[in-house]
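Below is one structure; the comments refer to it alone.
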Amino acid sequence: GEIPPLIQTKLLRVLQDQRFMRLGGTREILSRFRLVAATNRDLWKEVREGRFREDLLYRISVVPLTIPPLRERKQDIPGLVQAFIEHFARRHDKHPLPLSPEQQRRLCEYDWPGNVRELKNEIERAVILNMQLDFVLGTSPTAHQPADRPSPFLETVADVPTLSELEERYLRHIMERTEGRVRGPSGAETLLRMKRSTLYAKL
């Protein structure tokens, strides 16, 4: 949906003839392939407005599949959440966060205007910061909050910090909360569920 007209023409030619020539090449190459295309744009509208070739659209619209937004398939949310939790827990070497029935209910009630990408980001944020999901949902920029009430989490990320900067801010918050204690049941290592050596390295 975003490729320029010249590339659309070249792609159409390859689809029709199944042949192409490399840049600087001297012979045509036969290529038998199956094309899978995806877009979030209305390509028929793009055709009407002259931004997409109609003949190319007919060529690629053999078996069109429409994926409904997440708000229209909320039965998929619990499975996606669990998969994301397990994935990011492995990636960031964290303990998987358990989901309570109340948390699952809140996740399914939210409309997720950002679709799966928004859900994925919320879960990754919760895993990285070792937060419970109800805390993340209650303070994220997309949570159900009145417009006149600024989100604490939004204030934290208002300047769009990098992941390392965000982690540093969270560690500072934890150390202030524990009054500088690392060890013990009320120390940062217990609160973060992090190995002491790892925590010292990060500090």
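The values are calculated or read from the model by the stated rules, or taken from the named source; none is laboratory data. For clarity, every value in this text was computed on a predicted model and none was experimentally measured. FYI the Cβ positions are ideal-geometry reconstructions off the backbone, even for glycines, and counts take in every protein chain you see. The accessibility values were calculated without ligands, DNA or RNA, using every heavy atom of the protein model including side chains. Shrake-Rupley method; radii C 1.70, N 1.55, O 1.52, S 1.80 Å.
Normalised Debye scattering of region 76-121 at q = 0.13, 0.20, 0.24 Å⁻¹ gives log10 I(q)/I(0) of -0.29, -0.67, -0.92, counting only Cα atoms as equal scatterers and leaving out solvent. Under 19 Å of direct C-alpha separation, and excluding same-chain neighbours fewer than eight residues apart, Lys94 reaches these lysines: Lys120, Lys195, Lys202. For region 7-90, applying the loop criterion from DSSP together with a ceiling of 14 other beta carbons within 10 Å to the GluC sites (Glu not before Pro) yields Glu28, Glu49. A DSSP coil position with no more than 13 other Cβ atoms inside 10 Å describes the following trypsin sites (Lys or Arg not before Pro) in region 1-102: Arg22, Arg27, Arg32, Arg34, Arg41, Arg73.
Note that region 11-20 has calculated 3J(HN,Hα) couplings of 5, 4, 5, 5, 5, 6, 9, 6, 9, 8 Hz, one per residue in order, obtained from phi through the Karplus relation 6.51 cos²θ - 1.76 cosθ + 1.60 (θ = phi - 60°); glycine and proline are x.
Taking every protein chain into account, the 1.4 Å probe leaves Phe33 with about 90 Å² of accessible area, to the nearest ten.
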